[in-house]
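Worksheet: the structure to be examined is printed underneath.
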Amino acid sequence: MKFWKTFDIEVIKYKEGLHEVDFPIGDAFFQQVEGNELLEKGNLTAGVKIDKGANLIELTFHIVGKVELVCDRSLETFEHPLDFTEKMIYKFGSEVKEIDESVMMITRDTPSINVAQLIYEFILLALPLKKIHPDYKNELDEEDNELEGGFVYLDDASTEDSEEETKEESTTAVDPRWEKLKKLKNKE
């Protein structure tokens, strides 16, 4: 598609050294992504610093702007600010393959790298897990404070520690009335 071509970085034309490219991210960007149901609107800028070396290309993405989210609680839309930095490394090798989530191998004659999918994934990863409208943030904080005295989930290691602490407390601070009851029980 012609739209996605605008997110190509023509690495073959850059000489070794530092270069910068900016990509505007608007509503059209989110509408072009297939299967996108999480984001529909946003106004961001993805600044990409390209550090081209003899054996690799390091891309540093600085994405800043706002996206429109739907509140999980009230279903109202609100703007959420984003400002974050991510890195991606492209190493030169014999084939094109993904080495890990932040390192790709490309051939030396690769003419361009399309960063649209990367930018989209970085934006998704920067979104909060709970999408709460700013008007309801204070209510959520109050509810969290109320729940502090509620349920506590322990793993096996902390259960053993708490049992040992309970035993230590029971041996050190014994109510004298219990001592008398224990004596009566032992006499029978």
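The values are calculated or read from the model by the stated rules, or taken from the named source; none is laboratory data. Computed from a prediction, not measured in an experiment: that's the story for all the values here. Please note: Cβ atoms are built from the backbone with ideal geometry, for glycine as well, and neighbour counts cover all protein chains shown.
Identify all residues within region 44-58 that are in contact with a helix residue (DSSP H, G or I) (Cβ under 8 Å, 6 or more places away or on another chain) and over 12 Å from Ala116 (Cα atoms); write none if there are none. If you could, list the steps in order and put the result at the bottom.
Applying the first criterion (in contact with a helix residue (DSSP H, G or I) (Cβ under 8 Å, 6 or more places away or on another chain)) to region 44-58 yields 44, 46, 50, 52, 57.
Correct list: Leu44, Ile50, Lys52, Ile57.
Close contacts from region 87-110, counting a first residue that is assigned by TED's automatic domain parsing to the domain that holds Thr60 and a second that is modelled with pLDDT of 90 or more and among the hydroxyl-bearing types (Ser, Thr, Tyr), with Cβ to Cβ under 6 Å and a gap of 6+ residues or different chains, come to Lys87/Thr60; Met88/Ser102; Met104/Tyr90; Ile106/Tyr90.
Please report, ordered by residue number, the helices (runs of 4 or more DSSP H) entirely within region 88-184 with at least 2 residues that are among the aliphatic types (A, V, I, L, M), surrounded by 12 or more Cβ atoms within 10 Å (Cβ to Cβ) and at pLDDT 90 or above.
Working: elements: 116-126, 137-147, 156-172.
Hits in region 88-184: 116-126.
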